[in-house]
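Let me begin by presenting the structure, written as structure tokens, before commenting on it.
Read-outs: derived from the displayed coordinates by stated rules, not from any lab. Quick caveat, the model's predicted, so the values are computed rather than measured. Counting neighbours? That spans all protein chains shown, and the Cβs are built from the backbone with ideal geometry, glycine included.
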Amino acid sequence: MGLDACLAGTDTLTALDDAYDAAWGATDADLLRICRDRMAMLRRDGATLAALSDVELDELRRWPTSERYGPVERAALDFTEQYLIDVASVSDDQVAALRAHLGDQGVVDFVNALLVVEQRMSLELFFERVL
Amino acid sequence: MAFERARVDPTVRVDRALGRALSDFAAAAVRNDAVDPVTTELVRLRCATHHDCHT
């Protein structure tokens, strides 16, 4: 059973939807989308990945060397992977790399937006796979 | 892992609309009583540990 079905009619779902919408408006949506797609790849979120072409999947899989991505995207993807694997171990260097491109305000907004997107993805996968 | 200094300016606040939406979601999640209190507290503590949160 999916997230929407499980929480249908509750203010929890409404609030989650509102937070999800706000996340995309608070930071660079293209940057957030790339990081969402990478999280989907690592989490094997087929529904999200279905929207990507084979070329896009291949480029994203090898983002550290792909010419498709510049320094900002690489800093964000590096941060995102660490965030996903072990958020408490995000390093000073990873934050500094992101901060060099986004600034303090940009980092704060990006990380909060990433939190919401990751949280929703985790909930969707949980409801689909566990319940 | 404990950090002795902030890695971004601690006076910076998250985008207002996102911050408000996050607070509203947290409040709605707390009001949701579908899960029993003991399980809820166990999950909260586990998440706090994972996020190095000291609340």
(message) Please compute the average number of Cβ atoms from other chains found within 10 Å of each residue's Cβ in peptide A:7-20.
(response) 5
(request) Measure nothing fancy, just the Cα-based angle from helix B:37-50's long axis to the longest principal axis of chain B, in degrees from 0 to 90, nearest 10. (result) 20 degrees
(request) Please give the average number of partner chain Cβ atoms lying within 10 Å of the Cβ of each residue in B:19-31, rounded to a whole number. (result) 6
(request) Name the most mobile residue of B:43, B:30, B:12, meaning the one with the largest mean-square fluctuation, in a Gaussian network model of chain B with Cα contacts below 10 Å. (result) B:12
(request) Report P(r) for the range A:9-64: all Cα-Cα distances, bin width 5 Å, range 0 to the bin holding the largest distance, values in whole percent. (result) 4, 17, 21, 21, 19, 11, 5, 3, 0
(message) Apply the Karplus curve 6.51 cos²θ - 1.76 cosθ + 1.60, θ = phi - 60°, to the phi angles in the range A:17-34 and return the couplings in whole Hz, x for Gly and Pro.
(response) 4, 5, 5, 5, 5, 5, 4, 6, x, 8, 9, 5, 5, 5, 5, 5, 5, 4
(message) Please list, in order, the residues from the range B:11-50 whose amide nitrogen is less than 12 Å from a point placed 7 Å along the Cα→Cβ vector of residue A:119.
(response) B:18-30
(request) Take the alpha carbon atoms of the range A:61-94, find their center, do the same for the range B:24-48, and report the distance between the two centers in whole angstrom. (result) 30 Å
(message) Starting from the 7 Å offset along Cα-to-Cβ, what nm value, one decimal, do you get for the label separation of residue B:34 and residue B:50?
(response) 1.7 nm
(request) Work out the FRET efficiency for residue A:66 and residue A:86 from their Cβ-Cβ distance, taking R0 = 25 Å, and round it to the nearest 0.05. (result) 0.55
(message) I'd like the Kirkwood hydrodynamic radius of chain B, using the inverse of the mean 1/r over distinct C-alpha pairs, in Å.
(response) 13.7 Å
(message) Give the average over all directions of the projected area of the C-alpha convex hull of chain A, one decimal, in nm².
(response) 8.3 nm²
